[in-house]
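Presented below is the structure to which this report refers.
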Amino acid sequence: MGQFPMRSWSVRCPAAQDTEALGRALGRLLFPGAAVALVGELGAGKTTFARGVLEGLGVHGYLHSPSFSLVHEYPGPVYHLDFYRLEQPQTETALDWEEYLGGEGVALVEWADRCAELLPPRRLEVRLEVLPDGVRRIRLTAHGTALAAVVAALAATQGEPAGL
């Protein structure tokens, strides 16, 4: 199982509003220092989910994907990072990733699979997948006890049990 307890839970979201609402519910449960790794194909709903998380954290207004600026900083602090255009994040930029990933703020990382070596060991992985019927399946996997509690609480608010 690894160094930290893991808890996984998945849910189906029929519409973009459901994806955003799930993100909003998650945002209300996150805490300073939490890192959320968003993984999924282009168009899977990562930015929609991130918009909901930001709203749940109290950041309002339209969220744009930071693909061209790498990082957007919001009050809280909340950091929204996007590694879509980076092939080697450690060498292509002079940014201090630790400030964002594991600092005092909440970090949302789109295309996290492109920078796995930078992610903290205690993180929440959110994998978004569009099924053949157009419904999104979202799987949350917590790495770490505190984030496992977040997944369990989120599942409870959605009326579904989280699995081990």
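The values are calculated or read from the model by the stated rules, or taken from the named source; none is laboratory data. If you're wondering where the values come from, they're calculated on a predicted model, not measured in any experiment. Quick reminder, even Gly has a Cβ in these numbers, built from the backbone with ideal geometry, and neighbours come from all protein chains shown.
Within region 33-62, the set of residues being in contact (Cβ under 8 Å) with a residue 40 or more places away in the chain, under 14 Å from Leu128 (Cβ atoms) and part of a helix (DSSP H, G or I) comprises Lys46, Thr47, Phe49, Ala50, Val53. For region 84-113, a residue qualifies if it is outside any strand (DSSP E or B), within 14 Å of the chain's Cα centre (by Cα) and modelled with pLDDT of 75 or more, and the qualifying residues are Leu101, Gly105, Trp111, Ala112, Asp113. Just to be sure before I move on: is Leu30 surrounded by 12 or more Cβ atoms within 10 Å (Cβ to Cβ), out of contact with any Lys or Arg (no Cβ under 6 Å at 6 or more places or on another chain), at pLDDT 90 or above and part of a loop (DSSP other than H, G, I, E, B) in the structure I sent? When the stated conditions are applied, Leu30 passes them.
Cβ separations smaller than 7 Å between residues 6+ apart or across chains give the following pairs from region 132-157 residues that are more than 17 Å from Pro32 (Cβ to Cβ) and in contact (Cβ under 8 Å) with a residue 24 or more places away in the chain to residues that are of a type in the set (Phe, Trp, Tyr) and assigned to a strand (DSSP E or B): Leu140/Trp9; Val151/Trp9; Ala155/Trp9.
Give the residue that is modelled with the lowest pLDDT, with candidates limited to residues of region 3-22 that are more than 21 Å from Asp133 (Cβ to Cβ) and not in a loop (DSSP other than H, G, I, E, B). The selected residue is Met6.
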